[in-house]
Amino acid sequence: MSLKAQIDAYNVQKEAKLPADVLALMDKTNEELIAQHIKNNALQVGAKVNNFNLSNHNGETIELTDLLNKGPVIISFYRGGWCPYCNLELKALNNYLPQFKTQSAQLIAISPQLPDETLSTAQKNALEFDVLSDVSNKVADQFGLLFTLDERIQALYTQFGIDFEKYYGDKSYKLPLPATYVINQQGIITYAFLNEDYTLRAEPADVMAALESEHK
């Protein structure tokens, strides 16, 4: 099943479960975020990515240049383990790992979650790739992906029991736009999926097609 089909199925469940006023607020704030066109200021295809290093879910330091020495790198920026769309995406990417490896590609996921929460996300989803903690969003900012969660959604998520201080170590409510990149061994972005609508995610098959096109 495609990731889009899984997300569509989740959306049906969400609409059946949540009150109409809550759904309306989510839609309204999502539309307002889309209207900000944040993605226009983010790194796009053709841009060179600066080196960075972050700790993975096992506490090991992962450096971009080390990964690029082995092959192209796929980066998935996600909001956090509390986000059902993120979990669907991470699991879908994990299922595609064998195909990605046929192109010598390295897959990493990045969020501003604290290390313990990053570990929980990796374990909960049985992920077999490096999940990195970008505490304070330094790398997400480098990619131009940062936005501040709407105050109305902050309050709603608090009602849902999502404790941002627990997940991120602060209450800045700054998150990265969910985004997926493919970076070639020269450090150049060859594929970028960017969308302010957090319910839309890159299809792993499209990521795979981008990797394969590099070798044609």
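The values are calculated or read from the model by the stated rules, or taken from the named source; none is laboratory data. Predicted, not measured: the structure shown is a model, and the values here were computed from it. Glycine gets a Cβ as well: all are built from the backbone with ideal geometry, and neighbour counts include every protein chain shown. Calculation scope for accessible area: heavy atoms of the full protein, side chains included, ligands and nucleic acids excluded. Shrake-Rupley method; radii C 1.70, N 1.55, O 1.52, S 1.80 Å.
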If you go through segment 109-154, how many residues are on the phi > 0 side of the Ramachandran plot and surrounded by fewer than 18 Cβ atoms within 10 Å (Cβ to Cβ)?
-> 2
Among the residues of segment 60-79, count how many are among the small types (Gly, Ala, Ser) and crowded, with 21+ Cβ neighbours inside 10 Å.
-> 1
Where residues in segment 60-83 are aliphatic (A, V, I, L, M) and in a helix (DSSP H, G or I), which of them is farthest from Ala109 (Cα to Cα)?
-> Leu68
Among residues belonging to segment 1-42 that are among the acidic types (Asp, Glu) and without any contact (Cβ under 8 Å) to a residue 12 or more places away in the chain, point out the one that is nearest to Leu200 (Cα to Cα).
-> Asp8
Among the residues of segment 1-44, the number that are closer than 17 Å to Cys83 by Cα and among the hydroxyl-bearing types (Ser, Thr, Tyr) is 2
Selection from segment 1-59 of residues that are surrounded by 13 or more Cβ atoms within 10 Å (Cβ to Cβ), assigned to a helix (DSSP H, G or I) and of a type in the set (A, V, I, L, M) | Leu3, Ile7, Val22, Leu23, Leu25, Met26, Leu33, Ile34, Ile38
(1) in contact with an Asp or Glu (Cβ under 8 Å, 6 or more places away or on another chain); (2) over 25 Å from Thr61 (Cα atoms); (3) open to solvent by less than 50 Å² (accessible area, probe 1.4 Å) all hold for Lys171 apart from (3)
